[in-house]
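The values are calculated or read from the model by the stated rules, or taken from the named source; none is laboratory data. Everything quoted here is computed from the prediction, not taken from an experiment. Note: ideal-geometry Cβ built from the backbone for every residue, glycine included; neighbour counts use all protein chains shown. Protein only, heavy atoms only, side chains kept; ligands, DNA and RNA dropped before computing areas. Shrake-Rupley method; radii C 1.70, N 1.55, O 1.52, S 1.80 Å.
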Amino acid sequence: LASGVFIAGFFIALERSPDDSGLWPLIASRTMAALVMLAAATGARVLARPARDVVWLALGSAVLDVVATAAFLLATREGLLAVVAVITALYPAGTMLMARIVLHERLQLVQKAGLALAGGSVVLLALTS
C-alpha cells in the first residue's frame, strides 16, 4: 500500500511539473532514487559487486523505466492523462509478468489478487474517462 501511495505521488508530481521543464523532473527523480538506493545499500553494508547477468537485467530495467516515465511525462503534457492513467494502472501486472518470465516465479494468491485489483482499476478508469 505504501509503495502504491508513493508511486501515485510520484506520478502526480510529474504531471504537475511545468511544461517548460523538459525532462529535468525525470532526471532529478532518477538521480535521487539512485542516491537513496546507494545510501540504503551502503548503510545496510550490503553493497557488493553484482553478477554480470544481474547488471544487464538492472540496466535493461532502468532503461525501460526511464523510457516509460518519459512517455508518461510527455503524455500528461499533451493532455492524454485519461489514456495514460489506464495504462499506468497496469504497472503491477508488468512487474509480475517479468518476474514470471525472467525469474520463473509462481504467482501467489496475494499477487493474483493484486492483478485482479489492477484489472478492476483499469475498468473503473476506462468507465470514468
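Name the single residue, out of those in region 69-84 being open to solvent by 60 Å² or more (accessible area, probe 1.4 Å) and among the hydrophobic types (A, V, I, L, M, F, W, C), that is farthest from Leu124 (Cα to Cα). Applying the filter and picking the extreme gives Leu74. Of all residues in region 1-28, how many are outside any helix (DSSP H, G or I), exposed (fewer than 11 other Cβ atoms within 10 Å of the Cβ) and hydrophobic (A, V, I, L, M, F, W, C)? The number of residues fulfilling the criteria is 1.
Listed here are the residues, each with its yes/no results for (1) basic (Lys, Arg); (2) within 26 Å of Gly9 (Cα to Cα).
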{"residue": "Ala58", "(1), (2)": "no, yes"}
{"residue": "Leu64", "(1), (2)": "no, yes"}
{"residue": "Leu97", "(1), (2)": "no, yes"}
{"residue": "Leu107", "(1), (2)": "no, no"}
{"residue": "Lys112", "(1), (2)": "yes, yes"}
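Taking first residues from region 60-76 that are without any contact (Cβ under 8 Å) to a residue 12 or more places away in the chain and partners that are of a type in the set (Val, Ile, Thr) and surrounded by 13 or more Cβ atoms within 10 Å (Cβ to Cβ), the Cβ contacts under 6 Å between residues at least 6 apart in sequence or on separate chains come to Ala75/Val84. Of the helices (runs of 4 or more DSSP H) entirely within region 29-128, those holding at least 3 residues that are at pLDDT 80 or above occupy 52-77, 91-103, 109-128.
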